[in-house]
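**Q** I'd like to ask you about the structure that follows.
The values are calculated or read from the model by the stated rules, or taken from the named source; none is laboratory data. Fair warning: this is a prediction, and the values are worked out from it, not measured in the lab. For neighbour counting, all protein chains shown are included, and Cβ atoms are generated from backbone atoms with ideal geometry for every residue, glycine included. Quick note on the areas: whole protein, heavy atoms, side chains included, nothing else; ligands and nucleic acids left out. Shrake-Rupley method; radii C 1.70, N 1.55, O 1.52, S 1.80 Å.
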Amino acid sequence: MLKLNQKISLSIFASLILILSVNAQNPSKTITKELEVPKYILPKILLSKNGIKINTIEKWENIRRNEILSYFENQIYGRAPLKEILPIFEIVENNSITLNGDAIRKQYKLSFKKNGKILSLILLMYIPNKKEKSPAFLAYNFGGNYTISNDTCIYVEKKNTARIIKRGKNILRWPINKIIKSGYALITLNYNDIDPDKNNFSDGIHSLFYENGTLKPKDNEWGSIAAWSWGLSRVLDFLENESLIDTKKIVLLGHSRLGKTALWAGAKDERFSIVISNNSGCGGAALSRRRFGEKVSDINTNYPHWFAKNFHKYNDKESLLEVDQHMLISLIAPRPVYVASASQDSWADPKGEFLSAKFAKDVYKLYGYRERGLNLFPKVNKPIRGRIGYHVRKGKHDITLFDWEEYIKFSDFHLKN
Ligand code: GCU
């Protein structure tokens, strides 16, 4: 016969087992508390697949960097075509003086042609009104160029005229005057123009590259994030001929899904001088293994087109990944990189974003950058400005004036010193 206290402890034990097994059966539960983060071991950045210790820049650049890049390409974002197509361009607006004489506004129509198909987009630029070349922020916008400002000269494509009501809708996210006064150009385009953000690969840039009757990318080929990243590199190709832009000083910036895009574009294309990801979260800066907020299975279910099909194999199996997102940031080394979070953006896992930035530092150290500032998670609104920058801004998922001010300071520090 069991005594009463034995019975009680048995029943506590039984309910514990039940709770644990319910959690195990419910991998889709959203983790919102630090205590619920599972134990995880991160893959080692500085150890090659064959067990070679990576302790020099040469070994990093010739062995390990390639392994990591190729893994991200084949298993996560998907391979983008190597055969580049240069856009044909038409001037929509050339050199109009604006912003009380402080800026020049330019707009170009870029068209990609291949396999009998054509894809066009409009590039909008505000450039400081001076003779010398300017450094520039390059950033996709979400809703169309006309949503970033009330400037009625911003070209609205015919297909968008119904949406003209949205002119200036996202003005608060784009402090154009401040950017210009700080000496930077702003270059932007609508990400949907490269690949419409929907689970359908029949249109957008993908459709120009299909061969032999295929109608969707192969399992290791480009999802939408890789397509948007590809688009940023093609814009940079085009800018090489723009006399007022200093293409050695292009700061790539993206918010949220476009922050994921900026990191991948910056990892792949070393011509981008600085890379900034704002609230990029899962599949961006946040560590996948923490499973905090949005998980790999959430993102692949809700946005099945963003990543390569192969990435779906890792739904609720993050420990099988040979990389984690700190390695994505390490691919940007030794170039300056900035990761930013927002305190109320738990879906994007601010701590996971910080840890990625922090654990990327081993690679920066190979190049002589010690990044001591990243030891502790900083207080809200207290930026860390090293070769790797980080801040957690007070507030929700967004890109605000505070964020921009920090990005300008960070860029000034690295580009103007
Ligand atoms: C969703 C998605 C995020 C993404 C965000 C955005 O919240 O789950 O992964 O970053 O949209 O792009 O706005």
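**Q** Taking 30 Å as the cut-off for C-alpha to C-alpha distance, list the pairs among Lys198/Lys317; Lys44/Lys396; Lys83/Lys416 that go past it.
**A** From Lys198/Lys317; Lys44/Lys396; Lys83/Lys416, over 30 Å: Lys44/Lys396; Lys83/Lys416.
**Q** Here is a further query. Springs between alpha-carbon atoms under 10 Å, Gaussian network over the chain: tell me which of Asp345, Asp102, Asp324 tops the mean-square fluctuations.
**A** Asp102
**Q** Quick check: the angle from helix 350-359's long axis to the longest principal axis of the chain, C-alpha only, nearest 10 degrees?
**A** 80 degrees
**Q** Here is a follow-up. A 20 angstrom limit on the alpha carbon distance is what I want to check against. Which of Lys131/Lys268; Lys39/Lys309; Lys109/Lys249; Lys351/Lys379; Lys178/Lys268 exceed it?
**A** Flagged as over cut-off: Lys131/Lys268; Lys39/Lys309; Lys109/Lys249; Lys178/Lys268.
**Q** Right, something else. Note down the magnitude of the dipole of the chain about its Cα centre, charges +1 on Lys and Arg C-beta and -1 on Asp and Glu C-beta and zero elsewhere, to the nearest 20 debye.
**A** It works out to roughly 880 debye.
**Q** Which aspartates and glutamates does Lys361 reach when only Cα atoms under 12 Å apart count, and residues fewer than 8 places away in its own chain are ignored?
**A** Of all the aspartates and glutamates, those that pass the test against Lys361 - Cα under 12 Å, at least 8 places apart if same chain - are Glu371.
**Q** Further question: Which residue fluctuates most in the GNM of the chain (Cα springs below 10 Å): Trp306, Trp174, Trp230?
**A** Trp174
**Q** Still on this model: Across the chain, what fraction of all alpha-carbon pairs, as a whole percent, falls in each successive 10 Å bin from zero upward?
**A** Going out from 0 Å in 10 Å bins, the chain shows 5, 21, 31, 25, 12, 4, 2, 1, 0, 0 percent.
**Q** Evaluate the Kirkwood expression for the hydrodynamic radius of the range 355-395, namely the inverse of the mean inverse distance over all pairs of different C-alpha atoms, and round to one decimal in Å.
**A** After inverting the mean inverse Cα-Cα distance, the result is 10.5 Å.
**Q** Excluding residues fewer than 8 places away in the same chain, name every one of the lysines whose C-alpha is closer than 19 Å to that of Lys313.
**A** List returned: Lys29, Lys216, Lys218, Lys295.
**Q** Restricting things to alpha carbons, find the Rg to Rh ratio for the range 248-369 using the Kirkwood radius for Rh.
**A** Rg/Rh: 0.96.
**Q** Ordering Thr247, Thr32 from largest to smallest accessible area (1.4 angstrom probe), what's the sequence?
**A** Thr32, Thr247
**Q** Angle, helix 224-239 long axis vs. longest principal axis of the chain, Cα atoms, 0 to 90°, nearest 10?
**A** That works out to roughly 30 degrees.
**Q** Please report the antiparallel percentage of DSSP beta bridges with both residues in the range 77-415, rounded to the nearest 5.
**A** Counting only bridges with both partners in the range 77-415, antiparallel ones make up about 50 percent.
**Q** Then there's this: What do you reckon, how do Trp228, Trp347 stack up by accessible area (1.4 Å probe), largest on top?
**A** Trp347, Trp228
**Q** If the elastic network links every pair of Cα atoms under 10 Å, which of Lys33, Lys106, Lys313 fluctuates the most in the Gaussian network model of the chain?
**A** Looking only at Lys33, Lys106, Lys313, the biggest GNM fluctuation is shown by Lys33.
**Q** Kindly express, to the nearest 10 degrees and within the range 0 to 90, the angle between helix 4-25's C-alpha long axis and the longest C-alpha principal axis of the chain.
**A** Taking Cα atoms only, the helix is inclined about 30 degrees.
**Q** Find how much the distance from Asn66 to His397 grows on full extension, using 0.36 nm per residue of separation minus their present alpha carbon separation; answer in nm with one decimal.
**A** My answer for the length gained is 115.9 nm.
**Q** Can you put Cys282, Cys153 in order of accessible area, largest first, using a 1.4 Å probe?
**A** Cys153, Cys282
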